[in-house]
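First comes the structure, then the notes that go with it.
Coordinate-derived values only; no laboratory data. Given the structure is predicted, the values throughout are model-derived calculations rather than measurements. Backbone-built Cβ (ideal geometry, glycine too); neighbour counts: all protein chains shown.
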Amino acid sequence: MIELRTQGDRQHNIIAPSLLAANFANLQAEMEWFNRSEADWLHLDVMDGVFVPNISFGFPVLEYVAKMTTKPLDVHLMIVQPEKFIPQVRDLGAAIMNVHQEACIHLHRTIQQIHEAGMRAAVTLNPATPVSTLEEIICDVDVVMLMTVNPGFGAQKFIEHSLDKVRRLRQLISQTGSKALIEVDGGVNRTTAPLLRDAGVDAYVAGSALYGKPDPVSEVHELKCLVR
């Protein structure tokens, strides 16, 4: 499996631009700045219009994007029955397959299947889902992602009490000896990122804070500096 930690025992400033915020009329240009930047992962949100009230993009787009970068792909499936697509995500060369706790009836089995496919297993919690639902599997996952907005749409306002949720998750990880990284998705910008870092976050998904800016490469650099 691809190693996710690149600086010492625990890297605190992983930046994962979210392709959902990109200009799809010129994906090649978006991928060019991504490859030149200090971004660590590329976050790919797949939505089915069932689990979340929106539809994003499917595997033809993912395959195209995967060919344009060598950086780790963080594939976030906001869909029902995500376990059905483990082979397709694996075939992309994805480093991380991210499924929602709320979408998996047999979460432990799904985590096992992701690992057997050679990928890191990530589990996402929606804003209303408590951290305690992960107590039985926290030591089996590589990444836990907390949604800090309601899933389905970009450019939403950051949910302030997510900071307390991050702290509770960090406590659970410490108490159990889990090696899981904490990732957050939603409302990440220059203001919220340092607060999230102090709460215990390792990886930051950023969309509108990067895409559409005059110099997104510099924006990535600034965000990484803020969360060191």
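Would you mind giving the average projected area, over all directions, of the Cα convex hull of segment 118-228 in nm² with one decimal?
Reported value for the Cα convex hull: 7.5 nm².
Could you work out the equivalent-ellipsoid semi-axes for segment 22-86, taking the square root of 5 times each eigenvalue of the Cα gyration tensor, largest first, in whole Å?
Working through the eigenvalues yields semi-axes of 23, 13, 10 Å.
For labels at Thr70 and Ala117 in the simple 7 Å Cα→Cβ model, what's the distance in nm?
Placing both labels 7 Å along Cα→Cβ, they lie 2.5 nm apart.
Projected area of segment 110-165, taken from the Cα convex hull and averaged over every viewing direction, in nm²?
One quarter of the hull surface, i.e. the mean projection, equals 4.6 nm².
Would you mind working out the magnitude of the charge dipole of segment 63-142 relative to its Cα centre, with +1 at each Lys and Arg C-beta and -1 at each Asp and Glu C-beta, to the nearest 20 Debye? Intermediate results must be reported in sequence, preceding the final value.
Numbers: 6 positive and 10 negative charges, 59 e Å.
Its charge dipole is roughly 280 debye.
Considering only DSSP beta bridges with both partners in the chain, what is the antiparallel share in %, to the nearest 5?
5 percent
How many nm separate the modelled label positions at Glu63 and Gln81, each set 7 Å beyond the Cα in the direction of the Cβ?
In this crude label model, Glu63 to Gln81 measures out at 2.1 nm.
Given the chain, what count of lysine pairs have C-alpha atoms under 18 Å apart, with each pair 8 or more places apart or on different chains?
The result is 4.
Determine how many Å³ per residue the convex hull of the Cα atoms of segment 5-126 encloses.
On the way: hull volume 14.1 nm³, N = 122.
Value for segment 5-126: 115 Å³ per residue.
Per q in 0.18 Å⁻¹, report the Debye log10 I(q)/I(0) for segment 14-226, using one uniform scatterer on each alpha carbon and no solvent.
Once normalised to I(0) and log-transformed, intensities are -1.37.
Post the alpha-carbon centroid distance, segment 178-227 to segment 17-58, in whole angstrom.
Here the answer is 15 Å between Cα centres.
Relative contact order for the chain: what is it in percent, counting Cα pairs under 8 Å that are at least 6 residues apart? Mind dumping the intermediate values first?
Values: 433 pairs, mean separation 51.5, N = 228.
Over the chain, the number comes to 23 percent.
Need the full-extension length gain, Leu195 to Gln175, defined as separation in residues times 0.36 nm minus the C-alpha distance. One decimal, nm.
So the chain would gain 5.0 nm between Leu195 and Gln175.
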